[in-house]
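Beneath this line is the structure, given in structure tokens, with notes to follow.
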Amino acid sequence: MRKYEAAALLPDLTVSFRQFVAPATPLFEETAAAFARGTLITTVRGPVAIEDLMPGDYIETAQGSEPVMWIGSTTYVPGRTDDSTSLTHLTRVTADAFGAGEPGLDLLVGPAARMIVTHRRLETLIGQSRVLAPVADYADGDRFLQVTPGGTVQLYHLMVRTHTTLRIGGLEVETYHPGKSIGQSLGQNMRALFLSMFPNIDQLEDFGHISLTRTTREVIDSLVAT
């Protein structure tokens, strides 16, 4: 089990703050394991560290300025060997990985961070040139480093009204969405526990549609290599 924290913007525009104990599995961990403490998010009032964001703050996304509807967090703890957890390591995107100042400083992300990958051949193969893939898939020992910090790291994720992307450093990364098939994998009790973490919505369908296809580097490489 793992501790999670969640802050949500409620329909009456008040903010709910709650703590939860839930399974240390990818389904639950992905609600919070995208960006490390200190990650700068572009808001309408300038860059703000993700830990200082509040539900209701407006951030810049691919869809324009959007209010943050929900923020989740959990703690990476080094040395966990439970087979069910996805939080065994983090990924460091090195400064200037995408060119001068992109990012300006090293960027630390968790296993839930997915970024836009663009390839012109994908347009012909699957009807879209842009897809989402885990940042961790691109660990190469150079620009993307798999790291296991020696101490704890607070991790975060956030959602807006509809699934979209935002630019952090040189990465275009997605906002939180549990995925299209989540309802097929949850029993009644787990569904109720999962939904309790999101007091701003009533049912799984309220997450809406995913704006881009999710896949993996392995699949992308196999497609473009054919």
For the chain, with every protein chain kept in place, what is the accessible area per residue (1.4 Å probe, Å²)? 49 Å²
Enumerate the whole-percent occupancy of each 5 Å bin, from 0 to the last occupied one, for all C-alpha pair distances of the chain. 1, 7, 14, 19, 20, 18, 12, 7, 2, 0, 0
Label zone at T43, where the point sits 7 Å out along the Cα-to-Cβ direction: the range 151-191 residues whose backbone N lies under 19 Å: 155-162, 165-169, 175-176
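Explain nothing, just the number: dipole magnitude of the chain about its Cα centre with +1 on each Lys and Arg Cβ and -1 on each Asp and Glu Cβ, in debye rounded to the nearest 20.
Approximately 180 debye in magnitude.
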Given Cβ point charges of +1 (Lys, Arg) and -1 (Asp, Glu) and nothing else, what value in debye, to the nearest 20, does the dipole of the range 156-207 about its Cα centre take? 60 debye
Compute, for the range 41-108, the length of the dipole vector about the Cα centre, with Cβ point charges of +1 (Lys, Arg) and -1 (Asp, Glu) only. Units Debye, rounded to 20. 60 debye
Expressed as a whole-number percentage, the relative contact order of the chain with C-alpha contacts under 8 angstrom and at least six residues apart is 23 percent
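For the chain, which whole-number percentage of the solvent-accessible area (1.4 Å probe, protein heavy atoms only) is attributable to carbon and sulfur atoms?
Details: 5460 of 10970 Å².
The value for the chain is 50 percent carbon and sulfur by accessible area.
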Which is the longest stretch in the chain that no exposed loop site breaks, taking sites as trypsin sites (Lys or Arg not before Pro) with a DSSP loop state and at most 13 other Cβ atoms within 10 Å? 81-179
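Rounded, prolate or oblate: which one fits the range 19-151, using the alpha carbon gyration tensor with axes a ≥ b ≥ c (rounded when a/c is under 1.5, else prolate when a/b beats b/c, else oblate)? The partial results should precede the final answer.
On the way: a/c = 1.37, a/b = 1.11, b/c = 1.24.
Cα axes put the range 19-151 in the rounded bin.
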A chain fully extended from T124 to T75 at 0.36 nm per residue, minus the present Cα-Cα distance, gains in nm 13.5 nm
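The values are calculated or read from the model by the stated rules, or taken from the named source; none is laboratory data. What you see is a predicted model; the values in this text were computed from it and never measured. No Cβ is skipped: glycine too gets one built from the backbone with ideal geometry, and neighbour counts run over all protein chains shown. When the accessible area is computed, the model is the full protein with side chains, heavy atoms only, and any ligands, DNA or RNA have been set aside. Shrake-Rupley method; radii C 1.70, N 1.55, O 1.52, S 1.80 Å.
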